[in-house]
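Have a look at the structure below before the remarks.
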Amino acid sequence: MSTYVDPTAKFSFNDLEAPSYLRDYLNYLAVIENFTDNTISSYYIQVRIFLRFIKCRVDGGEITRERLEQTSIADIPFSVIELITTDDIYDYLAFAGTELHNEAAARSMKLTVLRSFFGYLVRVARTLPQDVTYDIVTPKKDHPMPRYLALDEAYKVLDTVDGPYAARDYCILLLLLSCGMRVSELVKIDLNDIQDDKLRLQGKGRKERFVYLNDACVDAIVAYLKERLAYPKIADKNALFISRNKGSRMSVRRVQQIVEKALKDAGLAGKGLSTHKLRHTAATLMYQTGAANVLELKEILGHASVSTTELYTHVDDEQLRQAMKQSPFADATRA
């Protein structure tokens, strides 16, 4: 068992289809890297797919999706890992594209996980002499313009809210649209995270940040808390958003359902919109209206780098037109 095991960690390593060196890696992610349970689970799944591919390759024969799904990695000895080459990585990424139908972004994510795994084996566990992913070229990703709501569409979504949980659902939608928080951050909010107009959020890697609430958000929270008092049962007393019947903390999936219903009621279903697009919307509208610049948005959204934030900052045609009209050469004439 790894020396990194944390008995208080939420992620369960019991009954994993994983050899000891993979378990050690996952423990490292949990305790040293402080990854969230969802991220650890995602990394585990990606490494498992790769090791299934490697095992099938060692055993010989045609490698198919169906064969991968039926292959166990529990008994792969570390001696197999020691023989993996850069060519194996490239072949796996090619397989992911042709057989698993992974786009460039998905293949890039797979490579990110493998770099983490082999980097751990080389630099932390020191059980491998070199990193076979070091010189791998990252698959070039397309960068389609992310979909987001126009301001009138966002208001239409807010206006659709009704029913017995209207105050709660309206508050959820308004916080997502105003603060640009992730749904996973929203469901973790406790009552004591709210201090007047200041809200504490727990983001990726359990990193904390503070965002400020506008008057509309404060009013929406106050109205919801009044509604919350009438709930017949409150099992999780410290959770801000709870289910009406069970009184337990709301799940990510339940919030997604609320958003999906609001989008449908607003006539916006089937347009490539999702709960995460409300985060895009919050960032884009704050940027377009001049409410926040890129550096300020970076802090609000909890991004590690400005380059990530820039993916959320779109300008519309009118902004581009006005920018050109305000060029220092806009009044230039030929002498």
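The values are calculated or read from the model by the stated rules, or taken from the named source; none is laboratory data. Here the structure is a predicted model, which means the values were calculated and not measured. Neighbour counts run over all protein chains shown; Cβ positions are idealised from the backbone, glycine included. For accessibility, only protein heavy atoms count, side chains too; no ligands or nucleic acids. Shrake-Rupley method; radii C 1.70, N 1.55, O 1.52, S 1.80 Å.
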So which of Leu268, Leu278, Leu263 ends up being at pLDDT 90 or above and over 25 Å from Asn34 (Cβ atoms)? Leu263
Residue list for segment 168-209, filter: of a type in the set (Asp, Glu), open to solvent by 60 Å² or more (accessible area, probe 1.4 Å) and over 18 Å from the mean Cα position of the chain (by Cα): Asp196, Asp197
Please go through segment 29-45 and give me each residue that is surrounded by fewer than 20 Cβ atoms within 10 Å (Cβ to Cβ) and part of a helix (DSSP H, G or I), ordered by number. Val31, Asp37, Asn38, Thr39, Ser41, Ser42, Ile45
Of the candidates Ile234, Ile300, Ile258, the one satisfying the condition of being part of a helix (DSSP H, G or I), of a type in the set (Val, Ile, Thr) and in contact with a strand residue (DSSP E or B) (Cβ under 7 Å, 6 or more places away or on another chain) is Ile300
Pairs returned, first residue in segment 41-67 that is within 16 Å of Tyr90 (Cα to Cα), second residue that is of a type in the set (S, T, N, Q), beta-carbon separation under 6 angstrom, 6 or more apart or interchain, are Arg52/Thr71; Lys55/Thr71; Cys56/Thr71
Single condition Leu201 does not satisfy, out of (1) modelled with pLDDT under 90; (2) within 21 Å of Thr275 (Cβ to Cβ); (3) of a type outside the set (D, E, K, R): (1)
Determine which single condition Lys156 fails, assuming it passes every other condition in (1) of a type in the set (Lys, Arg); (2) loosely packed, with under 14 Cβ neighbours inside 10 Å; (3) closer than 27 Å to Thr284 by Cβ. (2)
Yes or no: segment 86-95 includes at least one residue that is exposed (fewer than 14 other Cβ atoms within 10 Å of the Cβ), of a type in the set (D, E, K, R), in a loop (DSSP other than H, G, I, E, B) and modelled with pLDDT under 90. no
It is to be established whether one or more residues within segment 178-195 are of a type in the set (A, V, I, L, M, F, W, C), closer than 30 Å to Leu51 by Cβ and assigned to a loop (DSSP other than H, G, I, E, B). no
State whether one or more residues within segment 291-304 are modelled with pLDDT under 80, open to solvent by less than 40 Å² (accessible area, probe 1.4 Å) and over 21 Å from the mean Cα position of the chain (by Cα). yes
What pairs can you find where one residue is in segment 164-175 and among the charged types (D, E, K, R), the other is open to solvent by 30 Å² or more (accessible area, probe 1.4 Å) and at pLDDT below 95, and their Cβ atoms are less than 9 Å apart, with a gap of 6+ or different chains? Arg168/Glu227; Arg168/Arg244; Asp169/Val161; Asp169/Asp162; Asp169/Gly163; Asp169/Lys261
Just name the residue that is surrounded by the most Cβ atoms within 10 Å (Cβ to Cβ) out of those in segment 100-128 that are part of a loop (DSSP other than H, G, I, E, B) and out of contact with any helix residue (DSSP H, G or I) (no Cβ under 7 Å at 6 or more places or on another chain). Glu103
So for segment 257-268 (the condition being within 23 Å of Leu225 (Cβ to Cβ), touching a Cys at 6+ places or on another chain (Cβ under 9 Å) and surrounded by 19 or more Cβ atoms within 10 Å (Cβ to Cβ)), does at least one residue qualify? no
Select from segment 46-67 the residues that are touching a Phe, Trp or Tyr at 6+ places or on another chain (Cβ under 8 Å) and in a helix (DSSP H, G or I) and write down the one among them that is farthest from Val132 (Cα to Cα). Phe53
Only one of Val218, Val222 is in contact (Cβ under 8 Å) with a residue 12 or more places away in the chain, β-branched (Val, Ile, Thr) and outside any loop (DSSP other than H, G, I, E, B). Can you tell me which? Val218
Could you count how many residues in segment 68-83 are open to solvent by less than 50 Å² (accessible area, probe 1.4 Å), under 21 Å from Phe95 (Cα atoms) and part of a helix (DSSP H, G or I)? 3
Residues that are more than 18 Å from the chain's Cα centre (by Cα), among the small types (Gly, Ala, Ser) and not in a helix (DSSP H, G or I), drawn from segment 261-285: Ala266, Gly267, Ala269, Gly270
